[in-house]
Amino acid sequence: MEYSYDLKGNDLYIGENQIHAYSLEENEIGNCTRCDSILMSLSYHKAGERTIVVTKCISCGAFSANIYDSEWNWVDEVQVSLLPVPIPISNQRIDDWKGLESIPMKKLEAVFSRGEIEALFARARDETPIRQYLYRARKKYKLFEEIFDLELAL
């Protein structure tokens with residue numbers, strides 16, 4: 001079954017079934033299976049007897065759904081894909097500080113880590129960014145463009 005998530009409406013889709021969030025509380029949920037960093041909850045959803053918590057890794061930015069039974073025993077974790085979110089920005093190519101600043105921070109945080117965002121802003125202001133973070137951010141440009149239909153050219 002495919003799991004997808006709408007960042008704008010905080011809705012979880014399991015196949016074609018849409019499940020609205022009953023809570024948007026942010027909690028540490030556990031550790032990322034990819035990088036062992038902290039997972040933060042984005043939203044909570046009820047699916048029959050199970051509770052599904054959509055999470056985002058604070059380090060690598062991976063999205064997942066953690067599934068719990070009715071007694072909050074962990075059952076499974078599945079990867080979550082993001083649905084495209086339209087952003088009303090007149091210029092679809094972001095190549096300067098003003099353009100980067102016009103993107104809501106929540107959208108940037110959906111794809112990039114805090115260090116990567118700081119590196120992007122430093123680069124946009126013609127300051128020297130931390131090279132490692134800028135490199136990691138640039139590897140995620142394509143994903144950002146697929147999700148938000150905005151091309152980053154920093």
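Okay, residues lined up against (1) at pLDDT below 95; (2) of a type outside the set (A, V, I, L, M); (3) not assigned by the TED database to the domain that holds Leu143:
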site: Thr55; (1), (2), (3): no, yes, yes
site: Ser59; (1), (2), (3): yes, yes, yes
site: Ala65; (1), (2), (3): no, no, yes
site: Asp69; (1), (2), (3): no, yes, yes
site: Trp74; (1), (2), (3): yes, yes, yes
site: Ile87; (1), (2), (3): yes, no, yes
Does Gly15 meet the test of being out of contact with any Ser or Thr (no Cβ under 7 Å at 6 or more places or on another chain), under 25 Å from Lys140 (Cβ atoms) and small (Gly, Ala, Ser)?
no
List the residue pairs whose Cβ atoms are under 6 Å apart, where the first residue sits in the range 3-26 and is farther than 15 Å from Ala65 by Cβ, the second is open to solvent by 30 Å² or more (accessible area, probe 1.4 Å), and the two are 6 or more positions apart or on different chains.
Glu26/Met40
When residues of the range 109-154 are filtered for being loosely packed, with under 15 Cβ neighbours inside 10 Å and either under 26 Å from Ser81 (Cβ atoms) or in contact with a Ser or Thr (Cβ under 6 Å, 6 or more places away or on another chain) (or both), how many remain?
9
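Would you check which residues across the range 92-106 are part of a helix (DSSP H, G or I) and over 9 Å from the mean Cα position of the chain (by Cα) and list them? I'd like the intermediate steps shown before the answer.
Applying the first criterion (part of a helix (DSSP H, G or I)) to the range 92-106 yields 97-101, 105-106.
Residues satisfying the conditions are Trp97, Lys98, Gly99, Leu100, Glu101, Met105.
Against the definition (assigned to a strand (DSSP E or B), touching a strand residue (DSSP E or B) at 6+ places or on another chain (Cβ under 6 Å) and open to solvent by 50 Å² or more (accessible area, probe 1.4 Å)), how does Val75 come out, yes or no? Before the answer, list the steps.
Values: assigned to a strand (DSSP E or B): yes; touching a strand residue (DSSP E or B) at 6+ places or on another chain (Cβ under 6 Å): yes; open to solvent by 50 Å² or more (accessible area, probe 1.4 Å): yes.
Here the answer is yes, as Val75 does meet what is asked.
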Candidates Glu118, Glu127, Glu109, filtered to the one that is assigned by the TED database to the domain that holds Tyr141, modelled with pLDDT under 95 and not in a loop (DSSP other than H, G, I, E, B):
Glu109
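Determine, yes or no, whether Ile94 is touching a Leu at 6+ places or on another chain (Cβ under 6 Å), surrounded by 13 or more Cβ atoms within 10 Å (Cβ to Cβ) and either under 30 Å from Met1 (Cα atoms) or of a type outside the set (Gly, Ala, Ser) (or both). Before you say what the answer is, go through the steps one by one.
On the way: touching a Leu at 6+ places or on another chain (Cβ under 6 Å): yes; surrounded by 13 or more Cβ atoms within 10 Å (Cβ to Cβ): yes; either under 30 Å from Met1 (Cα atoms) or of a type outside the set (Gly, Ala, Ser) (or both): yes.
Yes: the conditions hold for Ile94.
Working only within the range 3-45, note down all residues that are of a type in the set (D, E, K, R) and farther than 21 Å from Phe144 by Cβ. Full working, then the answer.
Step one: filter the range 3-45 for residues of a type in the set (D, E, K, R), giving 6, 8, 11, 16, 25-26, 28, 34, 36.
Answer for the range 3-45, where residues must be of a type in the set (D, E, K, R) and farther than 21 Å from Phe144 by Cβ: Glu16, Glu25, Glu26, Glu28, Asp36.
The values are calculated or read from the model by the stated rules, or taken from the named source; none is laboratory data. Because the structure is predicted, anything quoted here is derived from the model rather than measured. Every residue, glycine as well, gets a Cβ built from its backbone with ideal geometry; the counts of neighbours run over all protein chains shown. What goes into the accessible areas is simple: the full protein's heavy atoms, side chains included, and nothing from ligands, DNA or RNA. Shrake-Rupley method; radii C 1.70, N 1.55, O 1.52, S 1.80 Å.
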